[in-house]
1. Any residue that is of a type in the set (Gly, Ala, Ser) and part of a helix (DSSP H, G or I) - is there at least one of those in the stretch 28-38?
2. Can you pull out every residue in the stretch 138-191 that is more than 16 Å from the ligand (Cβ to nearest atom), surrounded by 21 or more Cβ atoms within 10 Å (Cβ to Cβ), modelled with pLDDT under 95 and aliphatic (A, V, I, L, M)?
3. Can you name the number of the only condition in (1) at pLDDT 95 or above; (2) surrounded by fewer than 17 Cβ atoms within 10 Å (Cβ to Cβ) that ASP276 fails?
4. Could you list all residues from the stretch 1-27 that are basic (Lys, Arg), surrounded by 18 or more Cβ atoms within 10 Å (Cβ to Cβ) and not in a strand (DSSP E or B)?
5. What are the residues in the stretch 1-29 that are among the β-branched types (Val, Ile, Thr) and in contact with a strand residue (DSSP E or B) (Cβ under 9 Å, 6 or more places away or on another chain), if any?
6. Any residue at all in the stretch 85-104 that's modelled with pLDDT of 95 or more, in a loop (DSSP other than H, G, I, E, B) and not hydroxyl-bearing (Ser, Thr, Tyr)?
7. From the list LEU36, LEU23, pick out the single residue that is at pLDDT below 95, within 16 Å of the ligand (Cβ to nearest atom) and closer than 23 Å to MET111 by Cα.
8. Give the stretch 39-82 a look and list any residue that's more than 15 Å from the ligand (Cβ to nearest atom) and among the polar types (S, T, N, Q), or say none.
Amino acid sequence: MDENRARLRDKKRIVVKIGSSSLTHEETGEVNLIKLEKLVRELCDLRNRGIQVVLVSSGAIAVGARTLGLSERPQQTALKQACASVGQARLMMIYQRLFAEYNCIASQILMTKNTMLNAINRENAQNTFEKLLGLGVIPIVNENDTISTYELSQLQQFGDNDTLSAVVTAMIGADLLILLSDIEGLYTDDPRLNPEACFIDKVERLDEEIMRLGKGAGTRAGTGGMATKLSCARIATASGADMIIADGGDVGIIHRLMDGEERGTLFLAAREEHFDLEKYLM
Ligand code: GLU
């Protein structure tokens, strides 16, 4: 087994991000309950192994839109906020029930970019995470869409949960970030358009050549593309964490990755000596 993969078995604090398109059925937009249940079981089992786990879950807007009977993802800010408000509560209700079945305590943390830019707020968030993880709780994080989308400037909004999960990883000093996506990982080209595209299973250095491979691959339910995922890798690896992009089609991939199986693209940690999260938020 590759030694970098083998090292994944020793991770102590991990962040798992799951996107809206992985949480909902493509055909109907309804919540995929079986998948959600499996995801929760995977995370509880990690906790039972003694690993501290944070879940970054999207889906507030998608679930809210479905609940309110909208056929499309809303574009208008106020409608997005309304959907997020309905959907976040509903999503948490489902999560709470599922986590309780495995005797796990889950909590909710809603974040905004503004609070991350403010040193006092950031410290508060950090302390809360620290306390929750110490208590064996699994925090479920999302962007506070009802507030963040209010601010029109991109500068004041994470906008996608890939970036949010990388920021959380850096802020809490996690040693691994797993981004569950609708693609297996990084390719030399977009495999949906180019059948010759080759899979890259490990990235040791995020040089210009790698960064150029990021092509926007949006889906109906989610927002982050490959370019976004590569900039997340910048944040996570510079903070000292490994990062993996893996196909969230089967969430059982989480324990397989943690057992060292060679799946997805692994970006190796390259800790910056004077890592400054704020620099990456600008
Ligand atoms: N925060 C948004 C939601 O929960 C999702 C952002 C994203 O798709 O990354 O609906």
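1. First, the residues of the stretch 28-38 that are of a type in the set (Gly, Ala, Ser): 29.
Next, only the ones that are part of a helix (DSSP H, G or I) stay: none.
No, the stretch 28-38 contains no residue that is of a type in the set (Gly, Ala, Ser) and part of a helix (DSSP H, G or I).
2. Answer for the stretch 138-191, where residues must be more than 16 Å from the ligand (Cβ to nearest atom), surrounded by 21 or more Cβ atoms within 10 Å (Cβ to Cβ), modelled with pLDDT under 95 and aliphatic (A, V, I, L, M): just LEU186.
3. Every condition holds for ASP276 apart from (1).
4. If we filter the stretch 1-27 for residues that are basic (Lys, Arg), which is where we start, we get 5, 7, 9, 11-13, 17.
Narrowing further to those that are surrounded by 18 or more Cβ atoms within 10 Å (Cβ to Cβ): 5, 11, 17.
Across the stretch 1-27, the qualifying residues are ARG5, LYS11.
5. Residues of the stretch 1-29 that are among the β-branched types (Val, Ile, Thr), as a first pass: 14-16, 18, 24, 28.
Scanning the stretch 1-29 gives ILE14, VAL15, VAL16, ILE18, THR24.
6. Filtering the stretch 85-104 down to residues modelled with pLDDT of 95 or more leaves 85-104.
If we keep only those that are in a loop (DSSP other than H, G, I, E, B) too, we end up with 102-104.
Among the residues that remain, those that are also not hydroxyl-bearing (Ser, Thr, Tyr) are: 103-104.
Among the residues of the stretch 85-104, at least one is modelled with pLDDT of 95 or more, in a loop (DSSP other than H, G, I, E, B) and not hydroxyl-bearing (Ser, Thr, Tyr), which makes the answer yes.
7. Details: LEU36 fails: at pLDDT below 95.
After applying the criteria, what remains is LEU23.
8. ASN48, GLN52, SER71
The values are calculated or read from the model by the stated rules, or taken from the named source; none is laboratory data. Just so you know, these numbers come straight off a predicted model, no measurement behind them. Glycine also receives a Cβ, built like all others from the backbone with ideal geometry; neighbour counts cover every protein chain displayed.
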